[in-house]
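Below is one structure, written out as structure tokens, with a few remarks after it.
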Amino acid sequence: MGRDTVMGTAERPPVDGPSSHTGGRSEQPSCKPLWVEEPARRRRLPDPVRTAAVRAVLIVSVTLIQAVVAFLFSVSGSWLAFPMVLSSVASTVVATWAALDVWVTRQVWNQRNGVVSAPSSTARALRRERRQARREARAAERARKRMRGRGGAGRLSHP
């Protein structure tokens, strides 16, 4: 494999010389690229959530390695089995905490920065009713101010 193939650039510059001219021979087929860029289906995770997720994956992987080592020490009858089992239990607690940290960080980020979502029909109807009530209240307030501004002309009887 050449450097161009590894780097992902499939097209090579033409080479001058006898091989670059067709000279009656069929042309070489052009190389296809190794990959094609496609738009992501889902949006990228926010930075704090991604950081927590990476941290959790590292902690869980270390915990799994520790558990395997503890098991192998137990099977072999080594004196290190007991301390490794204790540390595996502690690591399991830490790994659970890390997984919860990802979930909490995601919830906090969504709460602070908002979530892109379409409101449900129920929420839309409630907002519509509240807007209508506010409009009616403002219209009633304007009408009341107009009646007061006439100086008694809108009253049925004068005192």
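What the table shows:
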{"read-out": "Residue match in region 65-81 (condition: modelled with pLDDT of 90 or more and either within 25 Å of Val49 (Cα to Cα) or in contact with a strand residue (DSSP E or B) (Cβ under 6 Å, 6 or more places away or on another chain) (or both))", "value": "yes"}
{"read-out": "Which listed residue is modelled with pLDDT of 85 or more, touching a Phe, Trp or Tyr at 6+ places or on another chain (Cβ under 8 Å) and either more than 30 Å from Leu80 (Cα to Cα) or β-branched (Val, Ile, Thr) (or both), from Val36, Val54, Val49", "value": "Val49"}
{"read-out": "Filter result (assigned to a helix (DSSP H, G or I) and exposed (fewer than 14 other Cβ atoms within 10 Å of the Cβ)) within region 65-88", "value": "Ile65, Val68, Leu72, Val75, Ser76, Phe82, Pro83, Leu86"}
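The values are calculated or read from the model by the stated rules, or taken from the named source; none is laboratory data. The structure presented is a predicted model; accordingly, all values stated were derived computationally and were not measured. Positions of Cβ are backbone-derived with ideal geometry, glycine not excepted, and every protein chain shown enters the neighbour counts.
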